[in-house]
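Visitor: Please see the structure below; I have some questions.
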Amino acid sequence: QVQLVESGGGLVQTGGSLRLSCAASGLTFSRYPMGWFRQAPGKEREFVTVMNSNEGGGTFYADSVKGRFTISRDNAKSTVYLQMDSLKPEDTAVYYCAADPSGSWRDADAYNYWGQGTQVTVSS
């Protein structure tokens, strides 16, 4: 079965950094674009970023994180990363990785596989 497991979340102060990891199994990782979404308390899940299947390939970022977050992947390790710099309290959310989009990369319902999420909390 396909499994996506996020790690690296935690508590950080405003301006700090975290790097999230998502380890995938049960799929041919190098064939699939990978995305990151987040969900804050009381809000719907929102798109953060996506990367195509090639290392060093195309990326797309939500305006709210552009210039601060960086997505990357290591296909040999079947892992996608999210480097988060200059963190703000507004970034506080559960972060999810997702795979196998069937439609728009910006829509959560386009993805068939999801991790269980990792909590990121940014204190002010």
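The values are calculated or read from the model by the stated rules, or taken from the named source; none is laboratory data. Just so you know, these numbers come straight off a predicted model, no measurement behind them. Backbone-built Cβ (ideal geometry, glycine too); neighbour counts: all protein chains shown. Calculation scope for accessible area: heavy atoms of the full protein, side chains included, ligands and nucleic acids excluded. Shrake-Rupley method; radii C 1.70, N 1.55, O 1.52, S 1.80 Å.
Visitor: Roll a 1.4 Å probe over the protein chains and send me the accessible area per residue for the chain in Å².
Guide: 51 Å²
Visitor: Suppose we keep just the alpha-carbon trace of region 59-124; what are its Rg and Dmax in angstrom?
Guide: 12.9, 38
Visitor: Which cross-chain or sequence-distant (5 or more) residues have an amide H under 5 Å from the amide H of Tyr111, H modelled 1.01 Å from N in plane?
Guide: The list, which skips near neighbours in sequence, is Ser102.
Visitor: Please list log₁₀ I(q)/I(0) at q = 0.21 Å⁻¹ for the chain, using the Debye equation with identical point scatterers on the alpha-carbon positions.
Guide: -1.21
Visitor: What is the distance in Å between the Cα centres of region 1-57 and region 78-124?
Guide: Measuring centre to centre over Cα atoms gives 4 Å.
Visitor: Hey, another quick one. Would you please name the trypsin sites (Lys or Arg not before Pro) within region 31-91 that are DSSP coil residues with at most 16 other C-beta atoms within 10 Å of their C-beta? Numbers along the way, then the final one.
Guide: Values: sites: Arg31, Arg38, Lys43, Arg45, Lys66, Arg68, Arg73, Lys77; in loops: Lys43, Arg45, Lys66, Arg68.
The qualifying sites are Lys43, Lys66, Arg68.
Visitor: Let me ask something additional. Please list, ordered by chain and number, the residues whose modelled amide H lies under 5 Å from the amide H of Leu87; skip anything fewer than 5 residues away on the same chain.
Guide: Long-range HN contacts for Leu87: Gly15, Gly16.
Visitor: Separate question: Calculate the FRET efficiency for Asp63 and Ser25 from the Cβ-Cβ distance with a Förster distance of 25 Å, rounded to the nearest 0.05. Intermediate results must be reported in sequence, preceding the final value.
Guide: Numbers: r = 32 Å, r/R0 = 1.30.
The computed FRET efficiency comes out at 0.15.
Visitor: While we're on this one: Search the structure for amide H atoms under 5 Å from the amide H of Val2, placed 1.01 Å from N in the peptide plane, and list their residues when 5 or more places away or on another chain.
Guide: Answer set, sorted by chain and number: none.
Visitor: While we're here: For region 1-67, rounded, prolate or oblate, judged on the Cα gyration tensor with a ≥ b ≥ c (square roots of eigenvalues), a/c < 1.5 rounded, else prolate if a/b > b/c? Intermediate results must be reported in sequence, preceding the final value.
Guide: On the way: a/c = 1.70, a/b = 1.42, b/c = 1.20.
The shape class here is prolate.
Visitor: Enumerate the calculated ³J(HN,Hα) couplings along region 70-86 in order (Karplus 6.51 cos²θ - 1.76 cosθ + 1.60, θ = phi - 60°), each rounded to whole Hz, writing x wherever the residue is Gly or Pro.
Guide: So the J values, rounded to whole Hz, are 9, 9, 8, 8, 10, 5, 5, 9, 6, 9, 10, 10, 10, 7, 10, 10, 6.
Visitor: For region 15-64, which GluC sites (Glu not before Pro) are both in a DSSP coil and crowded by at most 11 other Cβ atoms within 10 Å?
Guide: Numbers: sites: Glu44, Glu46, Glu55; in loops: Glu44, Glu55.
Passing sites in region 15-64 are Glu44.
Visitor: Accessible area of region 1-107 with a 1.4 Å probe: how many percent of it is carbon plus sulfur? Working shown, then result.
Guide: Values: 2350 of 5380 Å².
Heavy-atom surface of region 1-107 belonging to carbon and sulfur, 1.4 Å probe: 44 percent.
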